Amino acid sequence: MEIIIDFGGIVLKKVLMVLTNSSKIDDEHETGLWLSEFAEPYVAFKNKGYEIKVASPEGGRIPLDPNSLEEEQPSEWDEAISKLENTEILGGVNTHDFNGIFLPGGHGTMFDLPDSRELSETLAHFAENNKVIGAVCHGPAGFTGTKLSNGKWLVDGKNMTGFTNEEEQQTGLEKAMPFLLESKLREQGAKFEKGPAYSDYVVADGNFITGQNPQSSASTAKAFIEALG
């Protein structure tokens, strides 16, 4: 069932954005959300008129990967950044009310999203009701803990992309990761596609939208909007 809100003939669709709470890779490396992968889609969704809710497994303030911060962020990101101060706990959100779900990346996603039971249940609902699912860069790490009611992995048979093994090796952090995202997705049956390292690359498989890296954030949001309508 499509969920809409009607205000005097204006129909608003609802998008749930789920972010990481993880702030550390190890004692030497801080991590968190990659800011542009959240802010660029947030602005695109807001400009489209969607109602947006921002949640995380634990709720509260979202840590930012320090490598994703510039000296000065674009002013159009101000509202998005303000939403990071106090996110809702995912388990307290009626996720069935939403038309689409979007998972931004950052290395933090590799450490908490795969183990979130609430996220797994939410993603299975979206997939089995043909709702729009999107993610960019390391965001698809959130898919890796999800099986559907038929016992298959969420990504099994999906044409998709995400942060590649080559890109991870270039960060120098591949040995600190709990798994390599590209490898894990392939193991679960994904038809993984990729462009050149750090190029803008997006794959749309029906209502399943994924982007490869931070350079793909805006294009992934555009494809997500096209799928959501």
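The values are calculated or read from the model by the stated rules, or taken from the named source; none is laboratory data. Small disclaimer: the values here were computed from a predicted structure and weren't measured. As a convention, Cβ positions derive from the backbone with ideal geometry for all residues, glycine included, and neighbour counts pool all protein chains shown. Heads up: the accessible areas ignore ligands, DNA and RNA and are worked out on the full protein's heavy atoms, side chains in. Shrake-Rupley method; radii C 1.70, N 1.55, O 1.52, S 1.80 Å.
Volume of the convex hull of the chain (Cα atoms only), normalised per residue: 116 Å³. Under a model in which nothing but the beta-carbon of Lys, Arg (+1) and Asp, Glu (-1) is charged, the chain shows a dipole of about 900 debye around its Cα centre. Within the shell of other residues whose beta carbon sits under 10 angstrom from the beta carbon of residue 51, the net charge comes to +3, with Lys and Arg scored +1 and Asp and Glu -1.
Which residue, chosen from 100, 189, 160, occupies the Cα position most advanced towards the positive end of the dipole of segment 49-193, where the dipole is computed from +1 (Lys, Arg) and -1 (Asp, Glu) charges on Cβ about the Cα centre? Value computed over the given set: 189. If you take all other residues with their beta carbon under 13 Å from the beta carbon of residue 182, and give Lys and Arg +1 and Asp and Glu -1, the sum is -2.
Amide H contacts under 5 Å for residue 33: 64, 65, restricted to partners 5 or more places along the chain or on a different chain, H placed in the peptide plane at 1.01 Å from N.
When you count the other C-beta atoms within 10 angstrom of each residue and take the mean per peptide, 139-146, 165-172, 60-67 line up highest first as 139-146, 60-67, 165-172. When the C-alpha to C-alpha distance is required to be over 26 Å, the pairs from 53/131; 152/194; 131/194; 53/222; 53/184 that qualify are 53/184.
Collect residues whose amide H, placed 1.01 Å from N in the peptide plane, falls under 5 Å from the amide H of residue 138; neighbours closer than 5 in sequence don't count. Those lying under 5 Å, H to H, from residue 138 are 105, 106, 163.
Sequentially through segment 147-154, phi angles give Karplus couplings (6.51, -1.76, 1.60; θ = phi - 60°) of 10, 8, 5, 7, x, 8, 5, 3 Hz, Gly and Pro residues having no value and appearing as x. Couplings 3J(HN,Hα) of segment 190-196, computed from phi: 5, 8, 6, 10, 7, x, x Hz, in residue order, whole Hz [Karplus 6.51 cos²θ - 1.76 cosθ + 1.60, θ = phi - 60°; x for Gly and Pro]. Per residue, the accessible area of the chain comes to 44 Å², computed with a 1.4 Å probe over protein heavy atoms only.
Each Lys or Arg adds one and each Asp or Glu takes one away; over the other residues whose Cβ falls under 14 Å from the Cβ of residue 161, this sums to -3. Ranked by the mean number of other Cβ atoms within 10 Å per residue, highest first, peptides 104-110, 203-209 order as 104-110, 203-209. Here the accessible area is traced with a 1.4 Å probe on the protein chains. For the chain, carbon and sulfur cover 44 percent of it.
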